[in-house]
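**Student:** This is the structure I want to talk about, given as structure tokens.
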Ligand SMILES: C[S@@+](CC[C@H](N)C(=O)[O-])C[C@H]1O[C@@H](n2cnc3c(N)ncnc32)[C@H](O)[C@@H]1O
């Protein structure tokens, strides 16, 4: 049975509270709980969207700025906007990447005109949108024609030898490790929210139904983590 809310206004309130609490330990826990692999995935996401010097990128749900940082390292002159509803997340992102243009907002109501970004990245963010469809429609709106969308997100791993082990890690060990280093329920919410999120095939179909073309996927860790890449035609 679900312990958490997975959509609507109650989810919005709950998500904000959860991320506000976790800010000070967020980066440390990412490295610890992924064994440092999260940095590699974010680097790959930056490579997939391949921002060019004159282009403008929106890193949505940017958190403490780890994806923006990778994009900025690849393309130091490019304009990078980091958007997140939690001001303390944006403060941390600015320490890492002082050139970042921070915007405090939610995906469901982006304060940007149509078609102003050549690329959008979202790492471990879409799962937290209170309205997934609305958030992705907003992303489509603010992307320029020919623009690229890169999404990094967890999924329940495909069936295979390592799958039961990973599920045990995700549902049993990870919440305990998370609780040792942070107050609150973020690492209990994580496995449940992954289970509630569309499977990779369904999520790709959702992107296509919104209007994105050339939806490509790249799995990592036996399908526990995915990069989705899509274009606005
Ligand atoms: C798991 S963190 C990911 C942060 C960062 N992208 C990374 O790779 O570490 C999720 C982020 O999504 C943000 N968030 C939550 N709800 C959101 C929404 N509706 N729109 C945009 N961002 C949201 C949270 O504040 C949080 O910083």
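**Student:** Which order results if 168, 41, 226 are arranged by neighbouring Cβ count within 10 Å, fewest first?
**Tutor:** 168, 226, 41
**Student:** A further question follows. Under 10 Å, Cα contacts only: if you run a Gaussian network model on the chain, which one of 129, 212, 112 comes out with the highest mean-square fluctuation?
**Tutor:** In the Gaussian network model the winner is 112.
**Student:** Let me have the relative contact order for the stretch 33-116, percent, based on Cα pairs under 8 Å that are six or more residues apart.
**Tutor:** Here the relative contact order equals 26 percent.
**Student:** Also, quick follow-up: What does the helix-only formula give at 222 nm for the chain: each DSSP H stretch with n ≥ 4 adding -39500 (n - 2.57), the total divided by the residues, and the result rounded to the nearest 500 deg cm²/dmol?
**Tutor:** -13000 deg cm²/dmol
**Student:** Quick check on the stretch 8-232: of the DSSP beta bridges with both residues there, what percent are antiparallel, nearest 5%?
**Tutor:** In the stretch 8-232, DSSP labels about 40 percent of beta bridges as antiparallel.
**Student:** I've got another one for you. Sticking to Cα atoms, compute the Rg of the chain to one decimal and its Dmax as the biggest Cα-Cα distance, whole number, in Å.
**Tutor:** Just the Cα atoms of the chain yield Rg and Dmax of 16.6, 49 Å.
**Student:** Another question, then. Compute the distance in nm between two label points, each set 7 Å from the Cα along the Cα-to-Cβ direction, one at residue 134 and one at residue 95.
**Tutor:** Output for this residue pair reads 3.3 nm.
**Student:** Test of understanding: in a Gaussian network model of the chain with alpha carbons linked when under 10 Å, which of 89, 180, 18 would top the mean-square fluctuation ranking?
**Tutor:** So, out of 89, 180, 18, the one fluctuating most is 180.
**Student:** Mean-square fluctuation check for the chain, GNM, Cα pairs under 10 Å: which of 72, 160, 146 is largest?
**Tutor:** 160
**Student:** Send over the semi-axes of the stretch 121-233's equivalent ellipsoid, whole angstrom and largest first, taken as the square roots of 5 times the C-alpha gyration tensor eigenvalues.
**Tutor:** 28, 16, 10
**Student:** Roughly how many nanometres apart are two label points built 7 Å out from the Cα toward the Cβ at residue 168 and residue 216?
**Tutor:** Output for this residue pair reads 3.7 nm.
**Student:** May I ask for the equivalent-ellipsoid semi-axes of the stretch 82-162, computed as the square root of five times each C-alpha gyration tensor eigenvalue and listed largest first in whole Å?
**Tutor:** 24, 18, 13
**Student:** Still on this structure, I have one more. Just want to confirm a number: the relative contact order over the chain, from Cα pairs under 8 angstrom separated by 6+ residues, in percent.
**Tutor:** About 20 percent, as a whole number.
**Student:** Calculate the length of the line joining the C-alpha centroid of the stretch 190-212 to that of the stretch 47-117, in whole Å.
**Tutor:** 23 Å
FYI, it's all coordinate maths here, none of it is from the lab. Worth saying up front: this structure is predicted, and the values here are computed from it rather than measured. Here Cβ is always computed from backbone atoms with ideal geometry, including for glycine, and neighbour counts include all displayed protein chains.
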